[in-house]
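Heads up, the thing below is written out as structure tokens.
The values are calculated or read from the model by the stated rules, or taken from the named source; none is laboratory data. Owing to the predicted nature of the structure, the values given are computational and were not obtained by experimental measurement. Cβ placement follows ideal geometry from the backbone for every residue including glycine, while neighbour counts extend to all protein chains displayed.
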Ligand SMILES: [Zn+2]
């Protein structure tokens, strides 16, 4: 199958694009983005929609797993689309909600067993190149939403899932009064070793009095969203922790990625510990239901393109940017969510802000009580986020 695909690619495009990283080819080969979108629509049309009972009868349930209805809209029906597999033997199933289009792993991991995914060796993945690439990615994202993260000027910042403190280090350099939380105790220890004023804590926000008190001007979720098994509870918590005029910054894999449409189960965003996959179509539901007032996006063209270090001819780079813009198909999603109208007024200038509710009105529906999920540690092995 792969060789047949390779032969087709060779017939269509010759060897002209062989030197580009695989993750970039789909954006620049002439006609490919149209073909992939047709292919995607065809996949959705021909894949059956099952009741949850029918679906559950076809899948085995692992010891730490549970079957879910759609977290965002409550729809129980399932459209089974993908079955990602890793070379270390893991595999899982990804379904699409036929009502709202949300992609999620089903069966999913039970929140109380989340720790099993991060049992050991999680902070051991730190080389100089890794840290430099990560920090470059943070800086590019901060620039994309300028000026909110340019200068801290003593504003309070919470990094949720702060890992070994690579972002907290940048935040303290920029003058934020910054702190972080993470589930992995050895990551927290490493973070505090590299930080001077900022501080990382082990546990969930409610376990740390200084954090539970709230009043944050900025909360950041760097590659954490896809790991949250109870996103509504967590986002309700984030909304409560934000001060008036506060913002929530999100970086996660993009479920509308053209690469997902092209590579399906082999998409780089389907990593071992990812649970749910968001896009600009589905994130607004999560934000609206938890009381946020607006959201803005910054398309992701790839770190090397944005940093000006890609080895790609100018016209091809232009074609790549155009393909990302036209399809909302970058491989990552970067979003800035605004807590309230004040936040939109303060930080929304120059951004295209999508309003989620009219000022003064309460959220569309309240969130049912459920056990809260702790902050997931960063996915340090996440190759998708290192790509391009
Ligand atoms: Zn749904």
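What to note about this one:
- Picking from residues in the range 279-302 that are outside any loop (DSSP other than H, G, I, E, B) and within 12 Å of the ligand (Cβ to nearest atom), the one that is nearest to the chain's Cα centre (by Cα) is 286.
- Checking the range 53-61 against the condition returns a match, with at least one residue being within 24 Å of residue 99 (Cα to Cα), part of a helix (DSSP H, G or I) and within 16 Å of the ligand (Cβ to nearest atom).
- The range 214-226: number of residues that are part of a helix (DSSP H, G or I) and within 21 Å of residue 152 (Cβ to Cβ): 0
- Considering the range 106-124, and only residues there that are outside any strand (DSSP E or B) and modelled with pLDDT of 95 or more, the residue that is farthest from the ligand (Cβ to nearest atom) turns out to be 107.
- Boolean, residue 178 is outside any loop (DSSP other than H, G, I, E, B) and over 26 Å from residue 299 (Cα atoms): yes
- Residue match in the range 48-65 (condition: over 30 Å from residue 290 (Cα atoms) and buried (at least 19 other Cβ atoms within 10 Å of the Cβ)): no
- Positions within the range 93-105 being closer than 25 Å to residue 182 by Cα and more than 10 Å from the ligand (Cβ to nearest atom), in sequence order: 105
- Hits in the range 191-213 (condition: touching a residue at least 24 places away in the same chain (Cβ under 8 Å), in a loop (DSSP other than H, G, I, E, B) and surrounded by fewer than 15 Cβ atoms within 10 Å (Cβ to Cβ)): 196, 197
- Selected residue [in a helix (DSSP H, G or I) and within 16 Å of the ligand (Cβ to nearest atom)] from 68, 44, 72: 44
- Condition met for residue 60 (at pLDDT below 95, closer than 23 Å to residue 111 by Cβ and out of contact with any helix residue (DSSP H, G or I) (no Cβ under 8 Å at 6 or more places or on another chain)): yes
- Residues that are farther than 20 Å from residue 286 by Cα and either modelled with pLDDT of 95 or more or not in a loop (DSSP other than H, G, I, E, B) (or both) within the range 82-105 comprise 82, 83, 84, 85, 91, 92, 93, listed in sequence order.
- Filtered by the rule that a residue be more than 15 Å from residue 156 (Cβ to Cβ), touching a helix residue (DSSP H, G or I) at 6+ places or on another chain (Cβ under 7 Å) and surrounded by 24 or more Cβ atoms within 10 Å (Cβ to Cβ), the range 176-190 gives 182, 184.
- Of the residues examined, residue 79 is one that is within 16 Å of the ligand (Cβ to nearest atom) and at pLDDT 95 or above.
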